Amino acid sequence: MKIISWNVNGIRACVRKGFLDYFHEMNADIFCIQETKLQAGQIDLDLEGYHQYWNYAERKGYSGTAIFTKKEPISISYGMENNSEPEGRMITLEYDDFYLVNVYTPNSQRDLARLDVRLDWEERLYQYLLELDHQKPVIYCGDLNVAHREIDLRNARTNMGNSGFTEEERGKMTRLLNSGFIDTLRHFHPDTEGLYTWWSYMKTVRERNIGWRIDYFIVSERLRSLLNDSQIHADVMGSDHCPIMLDIGLNLE
(Lines give C-alpha, C1' and ligand atoms only; values in the text may rest on other atoms or scores of the structure.)
Protein backbone atom coordinates (compact mmCIF):
# COMPACT_ATOMS: atom_id res chain seq x y z
CA MET A 1 0.00 0.00 0.00
CA LYS A 2 1.28 3.44 -0.97
CA ILE A 3 0.26 6.55 0.99
CA ILE A 4 1.14 10.15 0.09
CA SER A 5 0.99 13.19 2.39
CA TRP A 6 1.40 16.76 1.15
CA ASN A 7 0.85 20.20 2.63
CA VAL A 8 -0.38 21.86 -0.56
CA ASN A 9 -0.53 25.41 0.87
CA GLY A 10 -3.82 26.04 -0.91
CA ILE A 11 -5.20 23.24 -3.08
CA ARG A 12 -6.60 25.59 -5.74
CA ALA A 13 -3.18 27.17 -6.30
CA CYS A 14 -1.48 23.78 -6.17
CA VAL A 15 -3.82 22.41 -8.84
CA ARG A 16 -2.76 25.26 -11.11
CA LYS A 17 0.87 24.26 -10.47
CA GLY A 18 0.54 20.59 -11.44
CA PHE A 19 -1.04 18.84 -8.45
CA LEU A 20 -3.14 16.53 -10.61
CA ASP A 21 -0.17 15.42 -12.71
CA TYR A 22 1.62 14.28 -9.57
CA PHE A 23 -1.55 12.78 -8.09
CA HIS A 24 -2.17 10.57 -11.12
CA GLU A 25 1.50 9.69 -11.54
CA MET A 26 1.74 8.39 -7.98
CA ASN A 27 -1.49 6.37 -8.14
CA ALA A 28 -1.47 6.16 -4.34
CA ASP A 29 -3.92 4.02 -2.41
CA ILE A 30 -4.46 6.92 -0.01
CA PHE A 31 -3.53 10.57 -0.64
CA CYS A 32 -3.62 13.01 2.31
CA ILE A 33 -3.38 16.79 2.00
CA GLN A 34 -3.13 19.61 4.51
CA GLU A 35 -3.69 23.38 4.40
CA THR A 36 -6.38 23.15 1.75
CA LYS A 37 -7.42 26.80 2.32
CA LEU A 38 -10.97 26.56 1.00
CA GLN A 39 -14.59 25.92 1.87
CA ALA A 40 -17.11 23.39 0.58
CA GLY A 41 -18.02 23.96 -3.06
CA GLN A 42 -14.94 26.00 -3.96
CA ILE A 43 -13.26 23.23 -5.94
CA ASP A 44 -14.44 20.15 -7.81
CA LEU A 45 -11.64 17.60 -8.11
CA ASP A 46 -12.37 14.83 -10.58
CA LEU A 47 -10.49 11.96 -8.95
CA GLU A 48 -11.95 8.88 -10.55
CA GLY A 49 -11.75 5.82 -8.33
CA TYR A 50 -11.27 7.78 -5.10
CA HIS A 51 -13.55 8.58 -2.19
CA GLN A 52 -13.01 12.15 -0.98
CA TYR A 53 -13.21 13.33 2.64
CA TRP A 54 -12.77 17.03 3.48
CA ASN A 55 -12.51 18.85 6.80
CA TYR A 56 -12.93 22.59 6.23
CA ALA A 57 -11.93 25.33 8.64
CA GLU A 58 -14.65 27.72 9.77
CA ARG A 59 -12.39 30.62 8.83
CA LYS A 60 -12.34 31.18 5.08
CA GLY A 61 -9.13 30.51 3.16
CA TYR A 62 -7.40 28.96 6.17
CA SER A 63 -6.10 25.55 7.29
CA GLY A 64 -8.16 22.49 6.34
CA THR A 65 -7.39 18.85 5.53
CA ALA A 66 -8.58 16.21 3.05
CA ILE A 67 -8.06 12.52 2.26
CA PHE A 68 -8.58 10.79 -1.07
CA THR A 69 -8.75 6.99 -0.79
CA LYS A 70 -9.43 4.14 -3.16
CA LYS A 71 -11.31 2.14 -0.54
CA GLU A 72 -14.19 3.42 1.55
CA PRO A 73 -13.28 3.25 5.25
CA ILE A 74 -15.26 1.58 8.00
CA SER A 75 -15.66 4.94 9.73
CA ILE A 76 -14.62 8.59 9.36
CA SER A 77 -14.15 11.15 12.11
CA TYR A 78 -13.25 14.82 11.97
CA GLY A 79 -11.22 16.16 14.87
CA MET A 80 -10.45 14.37 18.12
CA GLU A 81 -12.96 12.34 20.08
CA ASN A 82 -15.16 12.61 16.97
CA ASN A 83 -15.65 16.32 17.62
CA SER A 84 -15.14 18.75 14.76
CA GLU A 85 -12.10 21.00 15.03
CA PRO A 86 -13.02 24.61 14.04
CA GLU A 87 -9.77 24.86 12.07
CA GLY A 88 -10.34 21.62 10.15
CA ARG A 89 -7.02 20.13 11.19
CA MET A 90 -7.72 16.40 11.44
CA ILE A 91 -9.38 13.49 9.68
CA THR A 92 -9.27 9.89 10.92
CA LEU A 93 -10.19 6.93 8.72
CA GLU A 94 -10.71 3.49 10.19
CA TYR A 95 -9.91 0.36 8.18
CA ASP A 96 -9.95 -3.32 9.10
CA ASP A 97 -6.29 -3.42 10.10
CA PHE A 98 -5.35 0.16 11.00
CA TYR A 99 -6.35 3.75 11.63
CA LEU A 100 -5.10 6.54 9.37
CA VAL A 101 -4.82 9.97 11.03
CA ASN A 102 -4.17 12.96 8.76
CA VAL A 103 -3.16 16.10 10.67
CA TYR A 104 -2.23 19.72 10.13
CA THR A 105 -0.70 20.66 13.48
CA PRO A 106 -1.16 24.27 14.71
CA ASN A 107 1.86 26.51 14.25
CA SER A 108 3.00 28.18 17.47
CA GLN A 109 3.76 31.32 15.39
CA ARG A 110 6.92 33.34 15.06
CA ASP A 111 6.53 35.08 18.42
CA LEU A 112 5.27 31.84 20.07
CA ALA A 113 1.91 33.54 20.63
CA ARG A 114 0.10 30.22 20.03
CA LEU A 115 2.54 27.97 21.86
CA ASP A 116 0.00 27.30 24.62
CA VAL A 117 -2.61 26.39 22.00
CA ARG A 118 -0.09 24.15 20.30
CA LEU A 119 0.91 22.35 23.50
CA ASP A 120 -2.74 21.79 24.46
CA TRP A 121 -3.30 20.30 21.00
CA GLU A 122 -0.26 18.04 21.44
CA GLU A 123 -1.51 16.79 24.79
CA ARG A 124 -4.96 15.95 23.45
CA LEU A 125 -3.51 14.39 20.31
CA TYR A 126 -1.13 12.21 22.32
CA GLN A 127 -4.00 10.75 24.32
CA TYR A 128 -6.07 10.32 21.16
CA LEU A 129 -3.32 8.41 19.33
CA LEU A 130 -2.70 6.17 22.33
CA GLU A 131 -6.41 5.34 22.54
CA LEU A 132 -6.51 4.45 18.84
CA ASP A 133 -3.31 2.44 19.10
CA HIS A 134 -4.84 0.41 21.91
CA GLN A 135 -7.52 -0.75 19.44
CA LYS A 136 -5.47 -1.28 16.26
CA PRO A 137 -2.24 0.03 14.69
CA VAL A 138 -2.06 3.71 13.69
CA ILE A 139 -0.57 5.49 10.68
CA TYR A 140 -0.23 9.16 11.67
CA CYS A 141 0.83 11.63 8.98
CA GLY A 142 0.83 15.23 7.92
CA ASP A 143 2.43 18.59 8.53
CA LEU A 144 3.38 18.31 12.19
CA ASN A 145 5.10 21.72 12.32
CA VAL A 146 8.14 20.53 14.27
CA ALA A 147 11.71 19.61 13.37
CA HIS A 148 12.33 16.86 15.87
CA ARG A 149 16.12 16.72 15.93
CA GLU A 150 18.96 19.00 14.89
CA ILE A 151 19.47 16.83 11.82
CA ASP A 152 15.95 17.77 10.72
CA LEU A 153 16.72 21.38 9.80
CA ARG A 154 19.59 23.16 8.10
CA ASN A 155 20.37 25.83 10.69
CA ALA A 156 19.66 24.19 14.02
CA ARG A 157 21.84 26.44 16.17
CA THR A 158 20.30 29.72 15.01
CA ASN A 159 16.75 28.31 15.26
CA MET A 160 16.96 27.02 18.84
CA GLY A 161 13.80 28.13 20.64
CA ASN A 162 12.06 29.35 17.50
CA SER A 163 8.60 28.21 16.46
CA GLY A 164 8.78 24.58 15.37
CA PHE A 165 12.08 24.00 17.18
CA THR A 166 11.30 24.78 20.81
CA GLU A 167 12.20 22.32 23.54
CA GLU A 168 8.50 21.94 24.32
CA GLU A 169 7.47 21.01 20.78
CA ARG A 170 10.40 18.68 20.23
CA GLY A 171 9.75 17.08 23.61
CA LYS A 172 6.18 16.23 22.64
CA MET A 173 7.47 14.40 19.57
CA THR A 174 10.07 12.56 21.64
CA ARG A 175 7.41 11.44 24.10
CA LEU A 176 5.24 10.06 21.30
CA LEU A 177 8.14 8.16 19.73
CA ASN A 178 9.00 6.74 23.15
CA SER A 179 5.41 5.52 23.56
CA GLY A 180 5.43 2.88 20.84
CA PHE A 181 5.64 4.84 17.59
CA ILE A 182 8.22 5.05 14.78
CA ASP A 183 9.39 8.01 12.68
CA THR A 184 9.43 6.04 9.43
CA LEU A 185 11.91 8.19 7.53
CA ARG A 186 14.49 7.88 10.31
CA HIS A 187 13.81 4.15 10.42
CA PHE A 188 15.32 3.95 6.93
CA HIS A 189 17.68 6.95 7.09
CA PRO A 190 18.68 7.44 10.74
CA ASP A 191 21.66 9.74 10.13
CA THR A 192 21.12 11.21 6.65
CA GLU A 193 21.32 14.99 6.59
CA GLY A 194 19.56 17.33 4.18
CA LEU A 195 16.22 15.51 4.18
CA TYR A 196 13.77 18.41 4.33
CA THR A 197 10.10 18.89 3.44
CA TRP A 198 9.59 22.66 3.80
CA TRP A 199 11.50 25.67 2.52
CA SER A 200 10.92 29.39 2.86
CA TYR A 201 9.78 31.23 -0.26
CA MET A 202 12.80 33.53 0.08
CA LYS A 203 14.92 33.62 -3.07
CA THR A 204 17.20 30.58 -3.69
CA VAL A 205 16.41 29.00 -0.28
CA ARG A 206 14.92 25.86 -1.81
CA GLU A 207 17.61 25.67 -4.48
CA ARG A 208 20.24 25.68 -1.73
CA ASN A 209 18.20 23.20 0.33
CA ILE A 210 17.99 25.43 3.40
CA GLY A 211 14.97 23.69 4.81
CA TRP A 212 13.16 21.94 7.64
CA ARG A 213 11.68 18.46 7.92
CA ILE A 214 8.27 19.06 9.44
CA ASP A 215 6.13 16.54 7.48
CA TYR A 216 6.07 12.95 8.76
CA PHE A 217 4.74 9.44 8.56
CA ILE A 218 4.70 8.04 12.09
CA VAL A 219 3.38 4.53 12.69
CA SER A 220 2.74 2.13 15.53
CA GLU A 221 5.77 0.10 16.55
CA ARG A 222 4.07 -3.18 15.67
CA LEU A 223 3.98 -2.11 12.01
CA ARG A 224 7.79 -1.97 11.88
CA SER A 225 8.18 -5.28 10.04
CA LEU A 226 5.73 -4.11 7.35
CA LEU A 227 7.64 -0.93 6.47
CA ASN A 228 8.96 -1.07 2.90
CA ASP A 229 10.04 2.52 2.26
CA SER A 230 9.60 6.11 3.41
CA GLN A 231 10.52 8.88 0.98
CA ILE A 232 10.65 12.65 0.53
CA HIS A 233 9.81 13.86 -2.98
CA ALA A 234 11.78 17.10 -2.77
CA ASP A 235 11.78 17.64 -6.54
CA VAL A 236 7.99 18.05 -6.67
CA MET A 237 6.97 21.71 -6.80
CA GLY A 238 3.61 23.39 -6.33
CA SER A 239 3.86 24.29 -2.63
CA ASP A 240 6.43 25.47 -0.09
CA HIS A 241 6.25 21.88 1.18
CA CYS A 242 7.02 18.77 -0.85
CA PRO A 243 5.10 15.47 -0.75
CA ILE A 244 6.21 12.51 1.32
CA MET A 245 5.46 8.84 0.65
CA LEU A 246 5.06 5.72 2.76
CA ASP A 247 5.16 2.21 1.29
CA ILE A 248 3.84 -0.29 3.83
CA GLY A 249 2.82 -3.93 3.63
CA LEU A 250 -0.84 -3.45 4.46
CA ASN A 251 -3.72 -3.99 2.07
CA LEU A 252 -6.90 -1.95 1.77
CA GLU A 253 -8.78 -4.88 0.25
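The values are calculated or read from the model by the stated rules, or taken from the named source; none is laboratory data. Worth saying up front: this structure is predicted, and the values here are computed from it rather than measured. Here Cβ is always computed from backbone atoms with ideal geometry, including for glycine, and neighbour counts include all displayed protein chains.
Here are some notes:
- Test: residue in the range 29-41 that is in a loop (DSSP other than H, G, I, E, B), crowded, with 21+ Cβ neighbours inside 10 Å and in contact (Cβ under 8 Å) with a residue 40 or more places away in the chain: yes
- Residues of the range 76-100 that are assigned to a strand (DSSP E or B), over 15 Å from Glu35 (Cα atoms) and among the hydrophobic types (A, V, I, L, M, F, W, C): Ile76, Leu93, Leu100.
- Annotation note: of Gly79, Gly88, the sole residue that is crowded, with 21+ Cβ neighbours inside 10 Å and closer than 25 Å to Leu246 by Cβ is Gly88.
Results for (1) under 24 Å from Trp121 (Cβ atoms); (2) at pLDDT below 95; (3) in contact with an Asp or Glu (Cβ under 6 Å, 6 or more places away or on another chain), shown as yes or no for each residue.
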| site | (1), (2), (3) |
| --- | --- |
| Met1 | no, no, yes |
| Cys14 | no, no, no |
| Asp21 | no, no, no |
| Gly79 | yes, yes, yes |
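- Within the range 168-185, being under 17 Å from Val138 (Cβ atoms) and free of Cβ contacts under 8 Å to residues at least 12 places away in the same chain holds for one residue alone: Asn178.
- Which listed residue is basic (Lys, Arg) and closer than 25 Å to Gly61 by Cβ, from Arg124, Arg110, Arg149: Arg110
- Here Ala113 meets the list (1) farther than 27 Å from Ser220 by Cβ; (2) surrounded by fewer than 14 Cβ atoms within 10 Å (Cβ to Cβ); (3) touching a strand residue (DSSP E or B) at 6+ places or on another chain (Cβ under 8 Å); (4) of a type in the set (A, V, I, L, M, F, W, C) almost entirely, failing just condition (3).
- Leading residue by the ranking (farthest from Met90 (Cα to Cα)) among those in the range 60-71 that are outside any strand (DSSP E or B) and in contact with a Gly (Cβ under 9 Å, 6 or more places away or on another chain): Lys70
- Of residues in the range 2-22 being over 16 Å from the mean Cα position of the chain (by Cα) and closer than 15 Å to Ile67 by Cα, the one surrounded by the fewest Cβ atoms within 10 Å (Cβ to Cβ): Leu20
- Which listed residue is out of contact with any helix residue (DSSP H, G or I) (no Cβ under 6 Å at 6 or more places or on another chain), polar (S, T, N, Q), modelled with pLDDT of 95 or more and over 23 Å from Gly180 (Cβ atoms), from Thr69, Thr105, Thr92: Thr69
- Of all residues in the range 207-229, those that are small (Gly, Ala, Ser) have Cβ atoms under 6 Å from Cβ atoms of residues that are crowded, with 22+ Cβ neighbours inside 10 Å and at pLDDT 95 or above, 6 or more apart or on another chain, in Gly211/Tyr196; Ser220/Val138.
- From the options Ile244, Ile214, Ile248, residue that is touching a helix residue (DSSP H, G or I) at 6+ places or on another chain (Cβ under 7 Å) and crowded, with 19+ Cβ neighbours inside 10 Å: Ile248
- Search result, residues across the range 157-169 that are under 22 Å from Arg114 (Cβ atoms), more than 19 Å from the chain's Cα centre (by Cα) and of a type outside the set (S, T, N, Q): Met160, Gly161, Glu167, Glu168
- Given (1) without any contact (Cβ under 8 Å) to a residue 40 or more places away in the chain; (2) buried (at least 19 other Cβ atoms within 10 Å of the Cβ); (3) not β-branched (Val, Ile, Thr), index of the condition Arg59 fails: (2)
- Residue match in the range 118-131 (condition: touching a residue at least 12 places away in the same chain (Cβ under 8 Å), under 23 Å from Pro243 (Cα atoms) and either surrounded by fewer than 20 Cβ atoms within 10 Å (Cβ to Cβ) or of a type in the set (Phe, Trp, Tyr) (or both)): no
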